[in-house]
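Remarks on the structure that follows.
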Amino acid sequence: EVLFKDGQSVSKGQLLARFDTREAEERKRTLTSMLEVEKKKLENQLQSINSQRISMKGREEVLRQRLSTKKTITSEMNKLVEQGGFQRIQYLEQLDQVYELKKQISELSEQQSRLDLQSDQIQLNSIKSVDQLTASLKQTELQLQYQTVKAPVAGVVFDPVVRLEGVL
């Protein structure tokens, strides 16, 4: 939309032309919405991971307590086996349970490490996505800023040249 005529006097900062901003405004709304969705998605994923961490910590505590108890039992059984008051087979089964609990604790530790890596990867991907959306949003806002042409100085407009890119 051209807001001046050839030969018209204009003052500095006066609006001379305005371009169609509907597409850029829609893109800005879309990008803003996508940015909010991405932030909410990250928040939900991190909450899920934190709840998994809490669950794993609880499970680890239980396993460690069971291991401590089994070790005590095994130690006492060993004394009895050495004195001949207990069968060696039962002692070995008890010892096997101790090793099994150690294995479960080790596996749980590995799961926690994988969960930490997954959390880091999710955060990195989200940061990358948010940065890309933010850059696109800034570019769109800049595009919107340049959708109007204002007079750089006061004076008279003469011999305007109209092209596909706009008015010069």
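Within segment 47-80, which residues are within 23 Å of Asp120 (Cβ to Cβ) and surrounded by 11 or more Cβ atoms within 10 Å (Cβ to Cβ)?
Hits for segment 47-80 are Ser48, Ile49, Asn50, Gln52, Arg53, Met56, Lys57, Arg59, Glu60.
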Exercise for review: Considering each residue of segment 1-46, count those that are modelled with pLDDT of 85 or more, open to solvent by 90 Å² or more (accessible area, probe 1.4 Å) and touching a strand residue (DSSP E or B) at 6+ places or on another chain (Cβ under 9 Å), and give that number.
Suggested key: 1
Check your understanding: List pairs: first in segment 16-31 and in a helix (DSSP H, G or I), second open to solvent by 70 Å² or more (accessible area, probe 1.4 Å), Cβ under 9 Å, 6+ apart or cross-chain?
Key -> Ala24/Glu141; Ala24/Gln143; Arg27/Gln143; Lys28/Glu141; Lys28/Gln143
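The values are calculated or read from the model by the stated rules, or taken from the named source; none is laboratory data. These numbers were taken from a predicted model, which means no experiment stands behind them. All Cβ positions, even for glycine, are placed from backbone atoms using ideal geometry, and neighbour counts span all protein chains on display. Calculation scope for accessible area: heavy atoms of the full protein, side chains included, ligands and nucleic acids excluded. Shrake-Rupley method; radii C 1.70, N 1.55, O 1.52, S 1.80 Å.
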